[in-house]
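Enquirer: Would you mind keeping the following structure in view while I ask a few things?
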Amino acid sequence: MLKLNNISKSFGSIKALDSVSLEVREGEVLGLVGPNGSGKSTLLKVMLGITKPSSGDVLINGKVLQEKGWKHFRKQIGYMPERVSFYDNLTGRETLNLFAKIKSVNGKYEIIKRILSEDIQSRKVGGYSKGMRQRLNLAQALLNDPELLILDEPTSGLDPMGIKEFYDILDEVKSRKNLTVILSSHILAEIEDKVDRVAVIKNGENKAVGSLEELYTGLKLPLKISIAISEANTMLEELLQEEGAEDIRYSKGYLVASVPRQSKLKLLSAVLQKQNSFADLSIREPNLEEVFFGVH
Ligand code: ADP
Ligand code: MG
């Protein structure tokens, strides 16, 4: 539905986006993941038409968007900005009415009451918890019953319970209509089971895009093996090395190493021959964060 072609954006000497191409598919949940300052918010604002790219095109259903097209397209989008200020003296209901007026919609979409109960809507926004403010922010984004929902770091600052509640609500909204959702986060682990595909944004570039499975296999990332041992074991170390493992080291009672995918079975069968020399063993997919952002 929405396609970005070689989008670049500079703010003076800062290159916030560097030739980003990305396609958003109808009905999917697409995650934008990247560290702070990597360009996620700028990219979302380009999709919304709030920020004009320095170069590149935004296409809707195959057509480059011009001014008139934006006006029409924007009516179908709901946007939850990263930071939003509300008037503390207004109640939630008054706030939503105000947003509905600004957007020229009647705002009577019934999902709103599920997001923010009548009781909470009657209270002044000044007394809202972080979670309630976030729900109010989501509710205002849904006032126009959008086809595309753009959420900028929607769960940042929420506790685990708040995060779960937020995604439960999003699931409910999605189950009612074929909504396309784009959301950003600086923590992949927080959204990895909530998204159909992710785009990895770093230094303003789109480094990779696909389902997590596609990314893992496409990148041919090595697997991580951990062998629980009570003391250093050179025999196992050498065995791992012979079988093609790399980055072999000890960490908190484990002998850990990276294993190329194609060596997995052969290495495992060799290690299992030495079963009595270790207590336990696990082999897992690497974390994309480890790969892209150098987080260990
Ligand atoms: P993210 O959302 O991933 O944290 P942003 O898109 O907010 O990243 O920012 C990307 C880069 O562009 C940062 O270096 C930021 O300082 C810069 N930037 C964003 N908006 C502006 C602006 N309006 N003026 C100047 N620099 C900006
Ligand atoms: Mg941001």
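Enquirer: So, in Å, what gap is there between the alpha-carbon centers of the stretch 219-235 and the stretch 70-145?
Expert: First find each Cα centre; the distance between them is then 50 Å.
Enquirer: Please build a GNM for the chain, connecting alpha carbons under 10 Å apart, and tell me which residue among Gln140, Gln76, Gln241 fluctuates the most.
Expert: Gln241
Enquirer: Also: Taking a temperature of 10 °C and a viscosity of 1.306 mPa s, what whole-number D in µm²/s does Stokes-Einstein yield for the stretch 223-276 with Rh from Kirkwood over alpha carbon pairs?
Expert: So the translational diffusion coefficient is about 145 µm²/s.
Enquirer: At what distance in angstrom do the alpha carbon centres of the stretch 149-183 and the stretch 1-65 lie from each other?
Expert: If we compute the Cα centre of each part, the gap is 21 Å.
Enquirer: Search the structure for amide H atoms under 5 Å from the amide H of Ala208, placed 1.01 Å from N in the peptide plane, and list their residues when 5 or more places away or on another chain.
Expert: For Ala208, the qualifying residues are Val200.
Enquirer: A further question on this structure: Counting only Cα atoms, I'd like the Rg/Rh figure for the stretch 1-130, Kirkwood definition for Rh. Could the numbers behind the result be given before it?
Expert: Working: Rg = 17.6 Å, Rh = 17.1 Å.
So for the stretch 1-130, dividing Rg by the Kirkwood Rh gives 1.03.
Enquirer: Here's a follow-up. How big is the stretch 120-214 along each principal axis, measuring the range of its Cα positions in Å and listing the largest first?
Expert: 46, 28, 23
Enquirer: From the P(r) of the chain, could you give the percentage of C-alpha pairs in the tail past 32 Å? All intermediate terms of the calculation are to be shown ahead of the outcome.
Expert: Details: 17495 of 43660 pairs.
Result for the distance tail: 40 percent.
Enquirer: A further question follows. Rounded to two decimals, what is Rg over Rh for the stretch 59-130 when you use alpha-carbon atoms and the Kirkwood radius?
Expert: 1.08
Enquirer: If you don't mind, another one. Considering only Leu268, Leu32, Leu90, give the residue with the highest GNM mean-square fluctuation for the chain, with springs between Cα atoms whenever their separation is below 10 Å.
Expert: Looking only at Leu268, Leu32, Leu90, the largest GNM fluctuation is found for Leu268.
Enquirer: Restricting to DSSP loop positions (anything but H, G, I, E, B) with no more than 12 other Cβ atoms inside 10 Å of their own Cβ, which trypsin sites (Lys or Arg not before Pro) remain in the stretch 246-292?
Expert: Loop-located and lightly packed - Lys252.
Enquirer: Continuing with this model, one more query. With springs only between Cα atoms under 10 Å, which of Ser21, Ser122, Ser85 fluctuates most in a Gaussian network model of the chain?
Expert: Comparing Ser21, Ser122, Ser85 in the GNM, the peak value goes to Ser85.
A short reminder: the numbers here are calculations on the coordinates, not readings from a lab. Since the model is a prediction, treat every value here as computed from it, not as a measurement. FYI the Cβ positions are ideal-geometry reconstructions off the backbone, even for glycines, and counts take in every protein chain you see.
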